[in-house]
Amino acid sequence: MRVSAQIEVIPCKVCGDKSSGVHYGVITCEGCKGFFRRSQSTLNNYQCPRQQKCIVDRVNRNRCQYCRLKKCLELGMSRDAVKFGRMSKKQREKVEDEVRMHKQMAEVQGIAYSPYGEYSPPAPIHPAAAYSNSYEPSVAYAASSYTTSAASYAAAAPVSYPSVQGQGYSIAQQAAVPAPSGGYPQRTIGASQPDEDLIAGVTAAFDSAHGPATVAATDRLVVAASTSAFTEQQYRNMNRFDAWKKFAAELTRIIQCIIEFAKMVEGFMQLSQEEQIALLKGCVFELAAIVVTRHYNPETTSLILSREVFPASIFRPSEQAELNFFLGMHSCIHELAQLRLTSTEMGLLSAWILLDRSSLGQYIIEQFRNCLQQQIATRIADSGPLMQKLCEIIQRLRGHAQEHIRLLGQLFTTYPQAMEKGALPDLYKELFSPPSS
């Protein structure tokens with residue numbers, strides 16, 4: 001009997017899912033193989049909030065990276081581990097006996113050899129919550145407890161926003177990743193296979209943090225019918241300061257969800273808290289724009305706020321600089337919405353942008369980019385132009401992010417009361433206030 005051909009009968013030793021062979025010395029599935037590879041490609045700082053006693057199975061494996069890695073190591077996974085073909089005779093006989101046992105059990109039960117016919121995605125970590133004005137999530141920022149006090153907000157965001165000068169997004173670049181020490185195969189990222197476990201984890205994180213999209217083809221008319229003409233007129237009659245307060249409140253609500261999403265992105269929590277803060281600060285505006293497209297209808301150029309639909313035209317500021325900013329943002333959001341990205345694609349794009357300038361290493365960052373392109377390719381034969389379009393829109397959004405900070409500085413000059421406590425959300429001011437404010 002060729003054990004190498006029958007080894008998939010044995011379930012993954014780490015999580016119990018369908019195995020794909022011996023990886024790093026242990027029989028595992030593709031998901032656990034990919035997780036272990038990524039965990040070893042850079043220094044990690046995984047933490048367990050549950051006394052290091054989490055259950056690691058195919059449903060819960062994405063909930064605690066610390067316990068998952070701990071189980072991998074306890075089972076003997078190692079970058080230097082021998083592969084199946086180099087096992088000792090005693091090791092091979094042990095595996096043969098296990099294969100034989102699983103085959104006999106399957107025959108007795110009248111099922112196929114493999115205990116799991118196909119991959120089952122993990123359950124979301126948190127229940128999905130629909131976006132609305134009443135949604136105020138309790139956000140535990142990164143590894144520390146997150147409270148609503150001004151001191152905590154200050155700790156959650158540095159004073160200054162990273163300068164955009166001389167810094168372009170590297171996400172538009174494709175790269176071949178050389179083989180690092182430890183036996184990783186040398187290959188071109190563009191030709192690699194997508195990591196299904198990574199994709200499933202990002203999808204669950206995005207849906208969990210942001211809830212279902214508000215704009216769906218089946219309920220656009222129903223939602224539109226609930227629009228109040230009185231409320232719409234209230235928006236039109238807002239003065240400049242009140243309009244900024246409304247904008248800041250809505251943006252802060254989205255940012256709270258983005259922080260929740262970031263905490264669930266694989267690799268993010270292993271970074272230092274200082275780097276986590278810097279990464280969020282450097283891209284949270286762009287990530288918020290991606291989320292807004294879930295509440296925007298490009299066919300009617302309308303936006304859903306507080307479960308009501310409003311035409312984008314009612315948000316036109318009277319100040320010329322603010323109007324130009326609004327028109328630029330509207331153009332980016334409209335173009336993004338027209339691309340009809342799925343939740344999975346939005347999640348992968350967001351994770352890629354979030355980690356693009358991190359210290360995790362190019363290999364891990366390119367994994368997110370590769371998975372995004374592979375996902376797009378499942379519905380669009382030539383994914384290249386769409387990827388290029390995404391990168392171009394993100395570049396423009398980064399410019400608008402800097403303009404947003406400049407305009408906020410002007411608001412503070414015109415309305416000094418805007419800097420007073422409670423005038424604008426503390427988190428919003430800490431994230432976006434100009435350095436001199």
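Taken together, the values in this text are just the output of simple stated rules run on the coordinates, not laboratory data. The structure displayed is predicted, hence computed values, not measured ones. Virtual Cβ from ideal backbone geometry, glycine too; neighbours counted across all protein chains shown.
Cβ under 13 Å from LEU408's Cβ, LEU408 left aside: what net charge do those residues give with Lys, Arg +1 and Asp, Glu -1? Result for the local shell: 0. Ranked by the mean number of other Cβ atoms within 10 Å of their residues, highest first, the peptides 286-297, 16-27 come out as 286-297, 16-27. Here the Kirkwood formula puts the hydrodynamic radius of the range 274-430 at 17.3 Å, using every distinct Cα pair.
Eigenvalues of the alpha-carbon gyration tensor of the range 346-437, scaled by 5 and square-rooted, set the equivalent ellipsoid semi-axes at 36, 15, 11 angstrom, largest first. Here the spin labels are modelled as points 7 Å beyond Cα on the Cα-Cβ line, and at ASN45 and LYS246 they lie 4.2 nm apart. The GluC sites (Glu not before Pro) of the range 364-437 that DSSP puts in a loop, and whose beta carbon has at most 15 other beta carbons within 10 Å, are GLU420.
Relative to the current alpha-carbon distance between GLN417 and ASP80, full extension at 0.36 nm per residue lengthens the span by 115.2 nm. So which of LYS71/LYS281; LYS33/LYS389; LYS70/LYS429; LYS13/LYS53; LYS389/LYS429 end up more than 28 Å apart by C-alpha? Pairs exceeding 28 Å: LYS71/LYS281; LYS33/LYS389; LYS70/LYS429; LYS389/LYS429.
Here the label points at ASN239 and ILE314, each 7 Å from Cα along the C-beta direction, are separated by 2.1 nm in the simple model. On full extension, the segment bounded by SER331 and ARG379 gains 14.9 nm, given 0.36 nm per residue less the C-alpha separation.
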